[in-house]
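The structure appears below as structure tokens.
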Amino acid sequence: MRILVIGSGGREHALVWKLKQSPRVSEVFVAPGNGGTAREGAINVAVDAGDLDGLVELARKEKIDLVVPGPELPLTKGITDRMREAGIPCFGPDAYCARLEGSKAFAKDVMNRAGVPTAHSQVFTDPDKAKNAVVKLGAPLVVKADGLAAGKGVVVAMTTQEALDAVDDIMCKRAHGAAGAKLVIEEFLVGEEASFLCLCDGKTAVPLPSAQDHKAAYDGDQGPNTGGMGAYSPVPQIGQDVIDTAIETIVKPTVQAMADEGTPFTGILYAGLIATADGPKVIEFNARFGDPETEVVLPKLTSDLGAGINAILNGETPEFTWDEDNATLGVVIASEGYPTNVVKGAAIPEITVDDDSHVYYAGVARGEHGLVANSGRVLLVETSAADIKAAQDKVYAIIDKLDTKGMFYRHDIGFKALNA
């Protein structure tokens, strides 16, 4: 089986690493890939993840048997539709279903029609009306750009002024470009958060182990929202009863709602959940593998990822098995200034890890003397151990001795699990 992975981040590095373990996989191509995917023996091809014509041409030329999109952009642009037209299997939702991530207003509409528990919200296209609503509702509030903003278009405003500033930044100053043409204002929900990824075949959903991302840039959940500074799996403070409830009240109704519309959802349905006093509710939906959650969930997979995806696309029952005994934890090392004013060019040290640990590269490029940072999130170091504390100790034992000049990382990934 010849596979094409789309994307260039740590998530794609993890996907390549796991897919290449399959005896059924003969070759993995990555468009455009990075230094880490090349180290895994994949073939990087200089085709941008948003270049649909180029991706289809590449898949045809290389006789690709399966396409696995990583980021949201090609999905929302319709890469699955295009590959389907070309007769090439693609594991991801079509452009219509990908709107569950591409438009928060669309996702809210689907959830409301399906009776899925989520925060009360209002949608605005006029900044003055949005600001009037902020004053009327009062803080705390959550202010979200409707469109794609690389995980950075959400502001949790604890004061009315913060919410007003968020509206101004998103809608008037267009901090996230066209993604801010429409705005969603939500009630602030209280509870433990978790990322819940499910493999969907259009009718059913197979849940992956739970994970918890750390969005804030700095220790103690301080600073601006990022694409994610680290994650761990599973989330011990969220019980199986909550997960079972989420499957019944959130995942199944959403999959059914899309099927009822004649647009079945196939691929990864990622529900960002919060376990409130009233039960689990949806914070947001994504339509692809999460990043950095993928980097801590896939190491727990003990079965063949490529075979499982192939089974889903062929209408067969997939076989997925997981390591249920150990915990995994990963920490992102990012360029100074991330996420707002990224300073590129930091030298990336060689990192030595054991068989239970991995380094997943993301924003890296080849420099004169080795890899250098060329984006915000540079890499993630992940390890597996008996529990969250042991995994945390092991990861930081690796990272703390590195020369990370020009880069930074959080020192408390996993703290919520340990404090629970």
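The values are calculated or read from the model by the stated rules, or taken from the named source; none is laboratory data. Please read all numbers here as calculations on a predicted model, not as lab measurements. Backbone-built Cβ (ideal geometry, glycine too); neighbour counts: all protein chains shown. To get the accessible areas, we keep the full protein, side chains included, count just its heavy atoms, and leave off ligands, DNA and RNA. Shrake-Rupley method; radii C 1.70, N 1.55, O 1.52, S 1.80 Å.
Observations
- Taking segment 23-40 as the range and being at pLDDT 95 or above, small (Gly, Ala, Ser) and over 19 Å from the mean Cα position of the chain (by Cα) as the test, only Ser26 passes.
- Qualifying residue in segment 278-287 (condition: of a type in the set (Phe, Trp, Tyr) and within 20 Å of Asp65 (Cβ to Cβ)): no
- Extreme residue, farthest from the chain's Cα centre (by Cα), among residues of segment 1-16 that are closer than 21 Å to Gly370 by Cα and open to solvent by 10 Å² or more (accessible area, probe 1.4 Å): Ser8
- Some residue of segment 326-335 being touching an Asp or Glu at 6+ places or on another chain (Cβ under 8 Å), on the phi > 0 side of the Ramachandran plot and open to solvent by less than 40 Å² (accessible area, probe 1.4 Å): no
- Scoring Met83 on the criteria (1) open to solvent by less than 40 Å² (accessible area, probe 1.4 Å); (2) within 30 Å of Val372 (Cα to Cα); (3) hydrophobic (A, V, I, L, M, F, W, C) leaves a single failure, condition (2).
- Taking first residues from segment 316-337 that are without any contact (Cβ under 8 Å) to a residue 60 or more places away in the chain and partners that are surrounded by fewer than 24 Cβ atoms within 10 Å (Cβ to Cβ), the Cβ contacts under 6 Å between residues at least 6 apart in sequence or on separate chains come to Glu319/Ser303; Thr321/Thr302; Thr321/Ser303; Gly337/Val343.
- Single residue of segment 297-325 satisfying the filter (closer than 27 Å to Gly376 by Cα and in contact with a helix residue (DSSP H, G or I) (Cβ under 9 Å, 6 or more places away or on another chain)) that is most open to solvent (accessible area, probe 1.4 Å): Pro299
- Once segment 357-399 is narrowed to residues that are more than 23 Å from Gly227 (Cβ to Cβ) and assigned to a loop (DSSP other than H, G, I, E, B), the residue that is nearest to the chain's Cα centre (by Cα) is Asp387.
- Condition check for Phe29: closer than 16 Å to Phe265 by Cα and surrounded by fewer than 24 Cβ atoms within 10 Å (Cβ to Cβ): no
- Odd one out for Val116 among (1) assigned to a loop (DSSP other than H, G, I, E, B); (2) within 30 Å of Ala49 (Cα to Cα); (3) open to solvent by less than 40 Å² (accessible area, probe 1.4 Å): (2)
- Test for Gly33: is it small (Gly, Ala, Ser), free of Cβ contacts under 8 Å to residues at least 40 places away in the same chain and within 27 Å of Val372 (Cα to Cα): yes
- Any hit, segment 261-270, residues being within 15 Å of Thr118 (Cα to Cα), surrounded by fewer than 21 Cβ atoms within 10 Å (Cβ to Cβ) and modelled with pLDDT of 95 or more: no
- Of the set (1) assigned to a helix (DSSP H, G or I); (2) at pLDDT 95 or above; (3) open to solvent by 50 Å² or more (accessible area, probe 1.4 Å), all apply to Asp241 but (2).
- Test: residue in segment 272-285 that is in a strand (DSSP E or B), small (Gly, Ala, Ser), touching a Pro at 6+ places or on another chain (Cβ under 9 Å) and buried (at least 18 other Cβ atoms within 10 Å of the Cβ): no
- Only a single criterion out of (1) hydrophobic (A, V, I, L, M, F, W, C); (2) open to solvent by less than 20 Å² (accessible area, probe 1.4 Å); (3) within 24 Å of Val5 (Cβ to Cβ) is not satisfied by Val353, namely (2).
- Among the residues making up segment 69-105, those that are more than 14 Å from the chain's Cα centre (by Cα) and of a type in the set (A, V, I, L, M) are Ile79, Met83, Ala86, Ile88, Ala95, Ala105.
- The one condition in (1) among the charged types (D, E, K, R); (2) more than 18 Å from Gly70 (Cα to Cα); (3) in a helix (DSSP H, G or I) that Glu324 fails to fulfil: (3)
- Qualifying residue in segment 184-197 (condition: of a type in the set (A, V, I, L, M) and more than 26 Å from Pro236 (Cβ to Cβ)): yes
- Any hit, segment 140-158, residues being at pLDDT below 95, part of a helix (DSSP H, G or I) and touching a strand residue (DSSP E or B) at 6+ places or on another chain (Cβ under 6 Å): no
- Some residue of segment 166-183 being within 22 Å of Tyr360 (Cα to Cα), over 18 Å from the mean Cα position of the chain (by Cα) and part of a strand (DSSP E or B): no
- When residues in segment 187-238 are screened for being part of a strand (DSSP E or B), buried (at least 22 other Cβ atoms within 10 Å of the Cβ), of a type outside the set (A, V, I, L, M) and out of contact with any helix residue (DSSP H, G or I) (no Cβ under 7 Å at 6 or more places or on another chain), 1 of them pass.
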